[in-house]
Amino acid sequence: MAIDKTYPEIRDAVAKLCAQYPGEYWRDLDQKKAYPTAFVQALTDAGYLSVLIPTEYGGSGLPLGAACAVLEEVQRSGGNGGACHAQMYTMGTLLRHGSGQQKRQYLPGIADGSLRLQAFGVTEPTSGTDTSRIRTNAVRDGDDYVVNGQKVFISRTEHSDLMILLVRTTPREQCTRHTDGMSVLLVDIRAALGNGLSISPIDTMMNHASTELFFDNLRVPATNLIGAEGDGFKCIIDGMNAERILIAAECIGDARWFTEKSASYARERVVFDRPIGENQGVQFPIARAHIQTEAAALMVQQAADLYDAGEPAGAEANMSKLLASEAAWAAADTCIQTHGGYGFTAEYDVERKFRETRLYQVAPISTNLILSFVATQELDLPRSF
Ligand SMILES: Cc1cc2nc3c(=O)[nH]c(=O)nc-3n(C[C@H](O)[C@H](O)[C@H](O)COP(=O)(O)OP(=O)(O)OC[C@H]3O[C@@H](n4cnc5c(N)ncnc54)[C@H](O)[C@@H]3O)c2cc1C
């Protein structure tokens with residue numbers, strides 16, 4: 001029987017699980033800036049965070065499309081997959097480039113939830129989007145790498161046991177291509193804390209458990225190098241394409257949540273003796289946001305299909321992330337407008353979701369950088385940097 005690539009059973013089951021974590025749950029966490037431990041545990045116990053892990057290591061061995069279905073439903077329910085989505089997209093780096101020994105050592109624990117792989121350390125204060133200029137470096141010393149440097153905006157490190165960390169192992173000036181000379185280390189955060197790694201939380205607009213990391217002679221066993229030394233950028237690119245497609249799926253979930261919320265409020269709210277939704281000035285922006293969302297959803301599906309088929313998916317991953325994040329933002333803005341003053345009150349959850357979905361036009365890659373990628377790589381326009 002052909003697989004339904006929209007994964008209706010998964011969507012249905014995830015929606016039921018999410019119904020146990022309603023708006024009040026997320027609102028309370030948002031106000032306390034607390035981590036959704038109970039929700040993440042429930043998602044883990046039900047096996048949804050290990051859908052991408054092959055069955056031989058205890059996961060479900062499903063394609064990226066299934067992971068997209070999980071995360072889209074989390075967002076569509078009004079929740080926030082940002083608390084745990086990294087496990088899905090960092091998996092590509094470990095699955096495609098990890099050694100047999102690394103997979104045997106870590107994947108079963110990640111699959112059963114005893115090990116959390118939720119942290120992905122790339123961004124640095126001075127390099128910004130220009131990843132090739134990262135300064136955090138690792139120098140081989142006997143059986144270890146010694147890591148020094150700093151990362152910023154690294155989410156969930158306080159709620160993760162493992163981190164995929166990008167470091168420089170050869171100075172940029174000594175490399176033929178500026179993306180050469182970087183390497184990926186799998187860092188055991190539990191062993192590293194207080195032994196060369198310190199973590200400092202960053203207060204952000206939304207509840208995202210973001211942190212700043214400081215590395216001071218942190219020793220990481222050389223056996224934790226993922227892929228070949230110097231090939232780190234190539235190794236994380238797989239993870240980055242998966243990340244963009246998964247985030248795009250989350251944005252589709254957000255957009256659908258906003259539009260359902262807008263339409264239902266516009267049907268119910270009566271002003272001037274009629275539902276506000278009778279006014280075309282109210283209904284047209286909702287209809288437009290819906291159209292934008294469904295168009296973006298098709299591109300997300302195409303990107304996931306290409307990725308799952310092992311075809312090049314860089315362009316589609318980037319384009320779907322741009323379209324979906326903009327559709328979510330249009331739907332969010334419309335939702336606030338439709339709710340009038342109530343859109344700004346915490347109890348409707350609209351303002352919380354509005355803040356949460358804004359992130360995705362900046363992270364994990366900003367809209368400008370996607371436009372630049374498409375202009376230069378797809379349309380062969382001259383590079384500006
Ligand atoms: C809540 C949150 C969570 C995050 N989680 C993680 C994480 O877990 N791991 C991780 O590694 N990172 C994480 N990030 C970092 C995120 O990926 C970066 O913030 C993002 O990639 C942008 O980098 P930057 O902030 O340094 O912006 P900059 O690179 O300084 O760019 C600033 C602005 O200038 C624009 N710009 C820069 N150069 C150009 C150019 N050449 N042409 C046109 N426009 C340009 C950008 O588009 C952007 O709008 C997170 C960020 C946030 C806010």
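Values in this text are rule-based calculations from the coordinates and carry no lab data. Since this is a predicted model, take the numbers as computed values, not measurements. Glycine also receives a Cβ, built like all others from the backbone with ideal geometry; neighbour counts cover every protein chain displayed.
Tabulated data for the structure shown
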quantity: Calculated FRET efficiency for the pair Ile291/Glu347, C-beta based, R₀ 22 Å, to 0.05; calculated: 0.15
quantity: Ellipticity estimate at 222 nm from DSSP helix runs (n ≥ 4, -39,500 (n - 2.57)) divided over the chain, nearest 500; calculated: -15500 deg cm²/dmol
quantity: Cα-based convex hull volume of the chain per residue, rounded to whole Å³; calculated: 148
quantity: Label point distance in nm, Thr6-Asp112, each placed 7 Å from Cα along Cα→Cβ; calculated: 3.7
quantity: Acute angle (nearest 10 degrees) that the helix 86-97 long axis makes with the longest principal axis of the chain, alpha-carbon atoms; calculated: 40
quantity: Nearest-0.05 FRET efficiency for Val270 and Leu379, computed from C-beta distance (R0 51 Å); calculated: 0.55
quantity: C-alpha center-to-center spacing [region 1-71, region 245-320] in angstrom; calculated: 20
quantity: Area projected by the alpha carbon convex hull of region 39-192, averaged over all directions, nm²; calculated: 10.1
quantity: Translational diffusion of region 222-333, µm² s⁻¹ [Kirkwood Rh, Cα pairs; Stokes-Einstein; 25 °C; 0.890 mPa s]; calculated: 155
quantity: Exposure proxy ranking, count of Cβ atoms within 10 Å, fewest first, for Cys84, Cys175, Cys251; calculated: Cys175, Cys84, Cys251
quantity: Region 276-385: trypsin sites (Lys or Arg not before Pro) in DSSP coil with no more than 16 other Cβ atoms inside 10 Å; calculated: Arg383
quantity: Length released on extending from Asn217 to Ala34, taking residue separation times 0.36 nm less the Cα-Cα span; calculated: 62.8 nm
quantity: Virtual paramagnetic centre 7 Å along Cα→Cβ of Phe284, amide N under 20 Å, in region 326-359; calculated: 327, 330-340
quantity: Kirkwood hydrodynamic radius (C-alpha pairs) into Stokes-Einstein, region 144-267, 4 °C and 1.567 mPa s, D in µm²/s; calculated: 77
quantity: Taking Leu49, Leu17, Leu165, Leu298 and counting other C-beta atoms within 10 Å, the order from fewest to most; calculated: Leu298, Leu17, Leu49, Leu165
